[in-house]
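Here's the structure we're looking at; comments come further down.
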Amino acid sequence: GKRLIITEGEFDAMSAFEAMGSSWPVVSLPNGTGSVERVFKGQLKWLDSFDEVVLMFDQDKAGVDAKEKAVKILPPGKAKVATLDLKDANEMWRAGRGEEIKHAVWNAQSARPDEILGTTELWDRFTATIPNASINWPWPTLQTMWNGWRTGEITLIGAGSGVGKSTLLKHLMCHAIEQGDKAGGIFLEENVRRSAQGFLTYFTRKPVHLLMTGNYQDMDAPTRGVLRSAWDEQIKDNLELYDHFGSMDPEDLVGHLRFMAVGLGCKTLVLDHITMLANAAGEGMERLGLDATMADLRSMVEQTGVRLIIVSHLNRPTGRPYEEGAQIHLGSFRGSTQLVCLSDNVLGAERNQQHPTNKNFTRLRSLKCRITGNTGVADWLKYEQATGYMGPSEAPAGGLEVAAGQETFDSQEGY
């Protein structure tokens, strides 16, 4: 036939049938919205025999969800959606509004899955206001190269062991807090007490991890006062940390990041580091586990619009190690190529921690920026031991290279 009308319940079907002058076929779902997928797939051949199928489901969440499932099953262009002012066709009929049921059928709009956007929806999405859509990176050259730190993007950071990734991450989170973001983090290599020391170090410019060798109560009163003031004025209500208790289940950790974003309002998130999740997948499953985790993280970022920073360890290079200032490449990242492919930005942090004079300098290298395409050496950072702060600096004389006769590492092949 030309037109079939489908309702949720039997009373709705009878009401719509009478409203349409008892001349158009009307059926109902046999077991409510819970049966929509089974029934539509089982009756697809019969449903396809009609020119159009008008969905007149209830005007509630269950009805909307059922409509979405039905639209995806029906052949493209087949489904139309009738909108009612009251909950369902039976309520309309009992209210004496049968003529409006008829008009709803005649005016039913062609349906499409919510994921497919027309020009109107696209323009609305394009012009929608996103709070704090772009903030600045804390380092001027990287800010210029990447043109801002945007929501809905994944930034992958790689560095050798002991280069100072954790300090770098806490500086980024604190910088985001200073610009109005709430930040959340999962640090798998340290406990939350140690993490808190790093955040306080940034805001007080005091090396709290060195001052607090024992308990907070053991420090002198002025120091405790400075730390408490920084906590209350700059960190309180702006930071969420996950106490992982050694848990390495990827699904749980991604779920906790999603909760930080949706439930707690965090706009900047950090996962340090994803390599541990790959190791937790078990021998021989690292790559597959990493692929699945990255896909879940990409989906979470798209749905929540957060700024996500992921840290990864690097493959061991031949020759000069990364801890001695070796250059990082996209191929340096350990595990799956999905790490790089699904990230919007990729940053390498290079440091020669054995250099006789420049061991406190870190060279940032842009390896990928999906928006600008700018790559190459970005900023130089210098770590000040007296303050625990890592800030922008001029490039040191000689860079990260060691002059002949000053080598501090074994340069034999395979080191």
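Across the range 49-57, not a single residue is classified as farther than 14 Å from LEU4 by Cα and at pLDDT 90 or above. Summed over the range 316-333, the residues that are touching a strand residue (DSSP E or B) at 6+ places or on another chain (Cβ under 8 Å), of a type outside the set (A, V, I, L, M), open to solvent by less than 60 Å² (accessible area, probe 1.4 Å) and under 20 Å from HIS273 (Cβ atoms) give a count of 4.
Annotation note: of GLY77, GLY96, the sole residue that is over 24 Å from GLU10 (Cβ atoms), not in a helix (DSSP H, G or I) and not hydrophobic (A, V, I, L, M, F, W, C) is GLY77. If you filter the range 80-92 down to residues that are assigned to a helix (DSSP H, G or I) and in contact with an Asp or Glu (Cβ under 7 Å, 6 or more places away or on another chain), you find that the one that is most open to solvent (accessible area, probe 1.4 Å) is ASN90.
Residues checked against (1) open to solvent by 20 Å² or more (accessible area, probe 1.4 Å); (2) assigned to a loop (DSSP other than H, G, I, E, B); (3) within 18 Å of VAL192 (Cα to Cα):
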position	(1), (2), (3)
ARG224	yes, no, no
ARG228	yes, no, yes
GLU251	yes, no, no
LEU257	no, no, yes
MET260	no, no, yes
MET276	yes, no, yes
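Listed by first and then second residue, the pairs linking a residue in the range 184-208 that is of a type outside the set (Asp, Glu) to a residue that is assigned to a strand (DSSP E or B) and open to solvent by less than 10 Å² (accessible area, probe 1.4 Å), with Cβ atoms under 6 Å apart and 6 or more places separating them unless they lie on different chains, are GLY184/LEU269; GLY185/VAL270; ILE186/LEU271; PHE187/ASP272; SER195/PHE187. With respect to the stated conditions, GLU68 fails to be under 21 Å from GLY9 (Cα atoms), open to solvent by 90 Å² or more (accessible area, probe 1.4 Å), out of contact with any strand residue (DSSP E or B) (no Cβ under 7 Å at 6 or more places or on another chain) and not basic (Lys, Arg). Residue count for the range 237-249, restricted to those that are modelled with pLDDT of 90 or more and part of a loop (DSSP other than H, G, I, E, B): 3. Those helices (runs of 4 or more DSSP H) of the range 1-71 in which at least 3 residues are under 42 Å from the mean Cα position of the chain (by Cα) and of a type outside the set (D, E, K, R), considering only elements entirely within it, cover 36-42. For the range 313-322, the set of residues classified as touching a residue at least 60 places away in the same chain (Cβ under 8 Å) and either part of a loop (DSSP other than H, G, I, E, B) or closer than 24 Å to SER134 by Cβ (or both) consists of HIS313, THR318, GLY319, ARG320, PRO321, TYR322, listed by residue number.
Pairing each residue of the range 363-389 that is part of a strand (DSSP E or B) with any residue that is of a type in the set (Asp, Glu) and surrounded by fewer than 18 Cβ atoms within 10 Å (Cβ to Cβ), provided the two are 6+ apart or on different chains, yields C-beta distances under 9 Å for TRP380/GLU394; LYS382/GLU394. Among the residues of the range 181-209, those identified as surrounded by fewer than 20 Cβ atoms within 10 Å (Cβ to Cβ) and among the acidic types (Asp, Glu) are GLU189, GLU190.
Of all the residues in the range 157-183, those that are without any contact (Cβ under 8 Å) to a residue 60 or more places away in the chain and closer than 18 Å to TRP380 by Cβ number 1. Is it fair to say VAL36 is under 18 Å from VAL105 (Cβ atoms) and modelled with pLDDT of 90 or more? The answer is no for VAL36. Of everything in the range 334-354, what is open to solvent by less than 10 Å² (accessible area, probe 1.4 Å) and in contact (Cβ under 8 Å) with a residue 60 or more places away in the chain? Give them in sequence order. LEU339, SER343, ASN345, VAL346, LEU347, GLY348, ALA349, GLU350, listed by residue number. Just so you know, in the range 10-59 the residues that are of a type in the set (Lys, Arg) and without any contact (Cβ under 8 Å) to a residue 24 or more places away in the chain include one that is nearest to GLY77 (Cα to Cα), and it is LYS45. Do we find that ALA395 is touching a residue at least 12 places away in the same chain (Cβ under 8 Å), open to solvent by 30 Å² or more (accessible area, probe 1.4 Å), assigned to a loop (DSSP other than H, G, I, E, B) and touching a strand residue (DSSP E or B) at 6+ places or on another chain (Cβ under 7 Å) in this structure? Answer is yes for this residue.
The values are calculated or read from the model by the stated rules, or taken from the named source; none is laboratory data. Please read these numbers as outputs of a predicted model, since none were measured by experiment. Reconstructed Cβ throughout: ideal geometry from the backbone, glycine too, with neighbour counts over all protein chains shown. For accessibility, only protein heavy atoms count, side chains too; no ligands or nucleic acids. Shrake-Rupley method; radii C 1.70, N 1.55, O 1.52, S 1.80 Å.
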